[in-house]
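Asks: Got a structure for you, written out below as C-alpha cells; questions coming shortly.
The values are calculated or read from the model by the stated rules, or taken from the named source; none is laboratory data. Since this is a predicted model, take the numbers as computed values, not measurements. Every residue, glycine among them, receives a Cβ derived from its backbone with ideal geometry; neighbour counts consider all protein chains shown. When the accessible area is computed, the model is the full protein with side chains, heavy atoms only, and any ligands, DNA or RNA have been set aside. Shrake-Rupley method; radii C 1.70, N 1.55, O 1.52, S 1.80 Å.
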Amino acid sequence: MSSDTIKWHYAIDDERLGPVSEAELAALAEAGTITSDTLVWRSSMPGWQALSTAPGAPKGPWSKPATPPPLTPPPMSPIAQKGAMSTPVAARPNYAVQELTLYALNRPSHILPLPSEPVVDNYGKRESKVAHHVHLYPAFLKRAGLAQGKELLEADESSCFYHPQFAATNMCSHSGRFICDLCSTEFNGEVISLQALSDIKAKGKVSKLDDTRKLWDDIALALLLVPFFAPIAIGICLWKWKQGPTSIVRKTRSRYVVAMVIGLIEILLLAWVFTGGLDL
Amino acid sequence: MSDADQYKLAARGGGSFERQKLYFGDDHLLVIDGSTTERYRRLYYKDIQGLLWHPTAMSVIVQLLLVLIMLFSVMGIASGRDAPNWGGLFVFVPCAVIFAIMLYLGRSCAVGVKTRVQLVRLPAIGNIRKARKFERQLTERVEAVQGTLTSEALQAAQNATQSAVT
C-alpha cells in the first residue's frame, strides 16, 4: 500500500477529523495544527494512538534529532561560577596540564615550554621569536583550591542562606548569615559572604575594593590651563574637598590647595584686566 | 594609618597613549592605569605566578634616529665658512644627553606579570634596568608570602605533567 492511499484520521478536542493522506497529515504537523500528542488512527491500527507513537505516522518537527548543547557554556553569575568550581578534580583530567602553561609575552597565543629552572634568561626564542626572561614563583605549581558545597545530610543541620541544599560551613561576620564554602570569601582577615562583599563595595567606603576613581584634583588643575575656567576649577575643589585625596595612593589634598591658589590668582588677574587695570 | 601609607611607588611611565603607575602594597601590587580617571588592578603576591620580560626594538630605533640627528647637527656645526656654526649644538647636546640616558637605562623591554587567570602587561616598566630592579623588589615580596620555587619542585611538576599527558 502506497503512502498516498493510507488515510489517517485525527482527533482535536474530541472531534474526529479526516480522513487525510499521509502528506496532508505531515503538513498539519508541520503547521502545528496537530502535535505529537494528537490522537491518530488508520485502518490497520487496533485503536487511537498518539501521533508520535503511531506506527507509520509521518515524522513531525518533534522527531528531528535534538540539537546538541553548545560547547561553550553560557555566562554564569559570580555565585554560579563559584558553584561550577565544585566539580570534582577527577572530572578534569588535564587540569594540571592546563595550569602549567606559560604563554609568550609578545605572542599570547604561543606557548613556551616549561623551563627547568625558576629563573631563566634568553628563553623561548624558538617558539615566540623573542628571547624571554622568565622568573617563576611557587604559585605557578599550586593547584586552584576548589570550593565545594557539602550536601545537607541531616534535617536539623544548618543550611547555607544562599544555597539551601548545602550545609553551612561558616558564618558571615558582616551579616551573621550561615554560608557554605561556595559563598564564603576572606576580607580583611574575616570570613564574609560574597553578597556582603558586594554590599561593602557598593557603599564605596573601603578603598581596597575601589576599581576606578576620577581624579578631580587633576581635572581642576587641567582646567586652570584656560584662565576662564578658573571659577569651575575652584568650584570642583570646594565640591570635592570633603572626599579627601582623590587617588588612593595620595595622602594629602595639596593639589586642591594648589588648584585653588592658582585659580584665585587667575580670577584676580582676569578681573584686573577687565576692569581696565591693563591699559591696552 | 591611611590606605595611602601602605603604598610605595615601584614604577611609573607608559607609552604614547597609556600612563601606568605601579605601587607595592602590603599584600599586593597595585597597577594604576589612566590619568584623569584611574583604574585599579590588584595583583596579590600570593597569586603572582611569574614575571616575564623580553627586549623590544624601540630603544634601538630611537637611538639610531638620535645618532642620525647628531650626525646632521655635527655636519651643521662643521658647515660654517669662517668659524664653526655653534648653533648646531642646540640640537646636538639634547640628543647626546638623551642618547646617554638611554644607554644607561639599557634596552627597552616589555614586562608582564603572570597570574592564574591573566598576563598583565606593565608598560610602566620600559627598560631592562627598571625591569631588573622591579624583579628584585617584587621577588622579595612574593617570596616572603609564597616561599622560594626550587628547580626540583619544578622538575617534579614537569614530570607529573608529562606522565599525565602520556
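Asks: Give region A:248-280 a look and list any residue that's within 14 Å of another protein chain (Cβ to nearest Cβ) and open to solvent by less than 40 Å² (accessible area, probe 1.4 Å), or say none. Can you show your working first?
Replies: Kept after step one, since they are within 14 Å of another protein chain (Cβ to nearest Cβ), are these residues of region A:248-280: A:248-255, A:259.
A:Ile248, A:Val249, A:Ala259 - these are the residues of region A:248-280 that are within 14 Å of another protein chain (Cβ to nearest Cβ) and open to solvent by less than 40 Å² (accessible area, probe 1.4 Å).
Asks: Give just the number: which of (1) touching a residue at least 24 places away in the same chain (Cβ under 8 Å); (2) open to solvent by 80 Å² or more (accessible area, probe 1.4 Å) does A:Leu225 not satisfy?
Replies: Checking A:Leu225 against (1) touching a residue at least 24 places away in the same chain (Cβ under 8 Å); (2) open to solvent by 80 Å² or more (accessible area, probe 1.4 Å), the one that fails is (1).
Asks: In the set A:Asp217, A:Asp199, which member is in contact with a Cys (Cβ under 8 Å, 6 or more places away or on another chain), over 19 Å from A:Gln148 (Cα atoms), touching a residue at least 12 places away in the same chain (Cβ under 8 Å) and open to solvent by less than 70 Å² (accessible area, probe 1.4 Å)? Reasoning before the result, please.
Replies: Values: A:Asp199 fails: in contact with a Cys (Cβ under 8 Å, 6 or more places away or on another chain).
Step by step, each of A:Asp217, A:Asp199 is checked, and only A:Asp217 is in contact with a Cys (Cβ under 8 Å, 6 or more places away or on another chain), over 19 Å from A:Gln148 (Cα atoms), touching a residue at least 12 places away in the same chain (Cβ under 8 Å) and open to solvent by less than 70 Å² (accessible area, probe 1.4 Å).
Asks: Cβ-Cβ below 8 Å, separation at least six or inter-chain, first residue in region A:126-142 and surrounded by fewer than 19 Cβ atoms within 10 Å (Cβ to Cβ), second among the aromatic types (Phe, Trp, Tyr): which pairs?
Replies: Listed pairs, sorted by first residue: A:Ala131/A:Tyr123.
Asks: Oh, and also: Determine whether region B:150-161 contains at least one residue that is surrounded by fewer than 16 Cβ atoms within 10 Å (Cβ to Cβ), acidic (Asp, Glu), over 27 Å from the mean Cα position of the chain (by Cα) and farther than 24 Å from B:Asp47 by Cα.
Replies: No.
Asks: Across region B:38-53, which residue is farthest from the other protein chains (Cβ to nearest Cβ) among those that are open to solvent by 50 Å² or more (accessible area, probe 1.4 Å) and closer than 18 Å to B:Gly112 by Cβ? Steps first, please.
Replies: If we filter region B:38-53 for residues that are open to solvent by 50 Å² or more (accessible area, probe 1.4 Å), which is where we start, we get B:39, B:41, B:44, B:46-47.
Narrowing the set further to residues that are closer than 18 Å to B:Gly112 by Cβ leaves B:39, B:41, B:44, B:47.
Values: B:Arg39: 5, B:Arg41: 8, B:Tyr44: 10, B:Asp47: 6 Å.
Restricting to residues being open to solvent by 50 Å² or more (accessible area, probe 1.4 Å) and closer than 18 Å to B:Gly112 by Cβ, the top hit is B:Tyr44.
Asks: Quick one: which of B:Leu64, B:Leu29 is more than 8 Å from chain A (Cβ to nearest Cβ) and in a strand (DSSP E or B)?
Replies: On the way: B:Leu64 fails: in a strand (DSSP E or B).
Criteria check complete, one pass: B:Leu29.
Asks: Within region B:109-140, how many residues turn out to be open to solvent by less than 60 Å² (accessible area, probe 1.4 Å), over 23 Å from A:Arg107 (Cβ atoms) and not polar (S, T, N, Q)?
Replies: Selection size over region B:109-140: 1.
Asks: Also: So the check is Cβ under 7 Å with 6+ separation or different chains; which pairs have a first residue in region B:125-154 that's in a loop (DSSP other than H, G, I, E, B) and a second one that's hydroxyl-bearing (Ser, Thr, Tyr)?
Replies: Here the result reads B:Gly126/B:Ser108; B:Leu149/A:Tyr137, each pair linking region B:125-154 to a residue that is hydroxyl-bearing (Ser, Thr, Tyr).
Results for (1) out of contact with any Phe, Trp or Tyr (no Cβ under 7 Å at 6 or more places or on another chain); (2) in contact (Cβ under 8 Å) with a residue 40 or more places away in the chain; (3) crowded, with 17+ Cβ neighbours inside 10 Å, shown as yes or no for each residue.
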residue	(1), (2), (3)
B:Ser16	yes, no, no
B:Ile32	no, no, yes
B:Thr36	yes, no, no
B:Pro55	yes, yes, yes
B:Trp86	yes, no, no
B:Ile98	yes, no, no
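Asks: Right, next: Please give the number of the condition B:Arg12 fails out of (1) open to solvent by 30 Å² or more (accessible area, probe 1.4 Å); (2) facing another protein chain (nearest Cβ under 10 Å).
Replies: Checking B:Arg12 against (1) open to solvent by 30 Å² or more (accessible area, probe 1.4 Å); (2) facing another protein chain (nearest Cβ under 10 Å), the one that fails is (2).
Asks: Kindly establish whether A:Asn188 is within 14 Å of chain B (Cβ to nearest Cβ), open to solvent by 20 Å² or more (accessible area, probe 1.4 Å), at pLDDT 85 or above and on the phi > 0 side of the Ramachandran plot. If you could, list the steps in order and put the result at the bottom.
Replies: Working: within 14 Å of chain B (Cβ to nearest Cβ): yes; open to solvent by 20 Å² or more (accessible area, probe 1.4 Å): yes; at pLDDT 85 or above: no; on the phi > 0 side of the Ramachandran plot: yes.
So A:Asn188 does not fit the description; no.
Asks: Given the criteria open to solvent by less than 60 Å² (accessible area, probe 1.4 Å), within 11 Å of chain B (Cβ to nearest Cβ) and more than 30 Å from A:Leu182 (Cβ to Cβ), does A:Pro245 qualify?
Replies: Yes.
Asks: Hey, another quick one. Filter region B:103-120 down to the residues that are small (Gly, Ala, Ser) and more than 10 Å from every other protein chain (Cβ to nearest Cβ) and list them by number.
Replies: Correct list: B:Gly106, B:Ser108.
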